Amino acid sequence: MLNPFKEVDIVEKVTIKEKLLDIICPSMMSLLPLASKIKMKGAQKSHRSSKSTKHDPSYFEYVNAFIENSR
């Protein structure tokens, strides 16, 4: 007697096993992934650059840096 399960490759074996599990226990295998992203609780993530405490240099700081670099 031939055993067709032994003659197929590993991908087909996995597919056959999944189909058999779906027939035997449909509640376990018929779970589908969620169609949309679920909104989680908590604060939204923000970019670090928008929370930066670094200030733009004033005109005097530009002039002082230019003088120090020109020496």
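Each reported figure results from applying straightforward, stated rules to the coordinates on display, with no laboratory input. The model shown is predicted, which means the values in this text are computed figures rather than measured ones.
Gain in length, residue 43 to residue 56, computed as 0.36 nm per residue apart minus the alpha-carbon separation, to one decimal in nm?
Value of the extension gain: 1.9 nm.
Working out 0.36 nm times the residue gap between residue 16 and residue 3, then minus their Cα-Cα distance, what length gain in nm do you get to one decimal?
In short, 3.3 nm is gained.
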